[in-house]
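Here the structure comes first, spelled out in C-alpha cells, and everything after it is commentary.
The values are calculated or read from the model by the stated rules, or taken from the named source; none is laboratory data. Every value quoted in this text rests on a predicted model; they were computed, and no experiment measured them. Cβ sites come from the backbone with ideal geometry, for glycine too, and all protein chains shown count toward neighbours. Accessible surface is based on the protein model in full, side chains and every heavy atom, while ligands, DNA and RNA are left aside. Shrake-Rupley method; radii C 1.70, N 1.55, O 1.52, S 1.80 Å.
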Amino acid sequence: MSLTVVNGLPAHVLIVHFVIVLVPLSALAVVVGAIWPGAARRMGVVLPLLALVTLVSVPLATQAGEWLEEHVDGSALVRRHAELGDGLLPWAAGLLVLATAVWWTARRSAVAEAGSGEGSRMGAARSATVVRVVTVVLCLGVAAGAMVDVYRIGDSGAKAAWQDGFSKTARGDNG
C-alpha cells in the first residue's frame, strides 16, 4: 500500500505532522522515564508502544515524501530536505530501543525491589546506579539528536515549500 494523496492533498504534508509531534513526545517520554523510574513504571508498556508508533510513522512520511518529490519541481531545497529526511529513521529506532530498555528496566527493578533481601539490594543498587546513569546519558543524547534532526528536516521542508511562495508584504484588499 502506498499513501500518495489524502483528501486531495499530498499524504506527506499530513503524515509529517505525526512525525513532528511523535518524535519530540517520544524523546521527552524516554528521558523522563530514564531520569524518573517511577514515571517509567507509570507509563508502562505505553512508553515502548509510543516509540514504536513513532518509528513506524517515519518511513511512512519518508515514502510519501519520495512520492511528492517526484511530483514537484526539483530544486536544491527539495533535494536537501529529502536527504535530511532519510537520516531520521536511525534516531527513531534508537528511541524505540531506549524506550524498551527503560520500560524493561523499570519493570524489572519494581519486581526486584519487591522480592529481594537487604544484603542483595546494596550490590544491586550500585550496579543499577551505573546502568541508570549510562541509560540517562544515552537517552539524553538520542533524544537531543532526534529532536534536532526533526527541527532541521522540518526547517528544510518549510524552506523548500515556501521559498519565494508568498509575499512578505500584504497584497492589499482581502475582501
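Things to note:
- Total residues in region 27-39, condition under 17 Å from the mean Cα position of the chain (by Cα) and farther than 16 Å from residue 154 by Cβ: 7
- Cβ-Cβ distances below 6 Å connect the following pairs, each with a first residue in region 146-158 that is open to solvent by 40 Å² or more (accessible area, probe 1.4 Å), a second residue that is of a type outside the set (A, V, I, L, M) and assigned to a helix (DSSP H, G or I), and a separation of six or more residues or different chains: 147/24.
- Considering region 31-41, the residues that are among the hydrophobic types (A, V, I, L, M, F, W, C) and in a helix (DSSP H, G or I) include one that is most open to solvent (accessible area, probe 1.4 Å), namely 35.
- Matching residues, region 15-30, being touching a residue at least 24 places away in the same chain (Cβ under 8 Å) and either surrounded by fewer than 19 Cβ atoms within 10 Å (Cβ to Cβ) or farther than 22 Å from residue 108 by Cα (or both): 15, 16, 18, 19, 20, 22, 23, 24, 25, 28
Matching residues to (1) basic (Lys, Arg); (2) open to solvent by 60 Å² or more (accessible area, probe 1.4 Å); (3) closer than 13 Å to residue 29 by Cα:
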residue: 83; (1), (2), (3): no, yes, no
residue: 87; (1), (2), (3): no, no, no
residue: 96; (1), (2), (3): no, no, yes
residue: 106; (1), (2), (3): no, no, no
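- Qualifying positions in region 44-78 - farther than 21 Å from residue 20 by Cβ and out of contact with any strand residue (DSSP E or B) (no Cβ under 8 Å at 6 or more places or on another chain): 44, 45, 70, 73, 74, 75, 76
- Exclusive hit being within 15 Å of residue 157 (Cβ to Cβ) and either in a helix (DSSP H, G or I) or of a type in the set (Gly, Ala, Ser) (or both), set 22, 14: 14
Yes/no matrix, rows are residues, columns are (1) at pLDDT below 90; (2) farther than 24 Å from residue 44 by Cβ; (3) not β-branched (Val, Ile, Thr):
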site: 78; (1), (2), (3): no, yes, no
site: 100; (1), (2), (3): no, no, no
site: 113; (1), (2), (3): yes, no, yes
site: 142; (1), (2), (3): no, no, no
site: 155; (1), (2), (3): no, yes, yes
site: 161; (1), (2), (3): yes, yes, yes
site: 172; (1), (2), (3): yes, yes, yes
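- When residue 50 is tested against (1) farther than 20 Å from residue 12 by Cα; (2) free of Cβ contacts under 8 Å to residues at least 40 places away in the same chain, exactly one condition is not met: (2).
- So residue 102, is it open to solvent by less than 40 Å² (accessible area, probe 1.4 Å) and either basic (Lys, Arg) or in contact (Cβ under 8 Å) with a residue 60 or more places away in the chain (or both): yes
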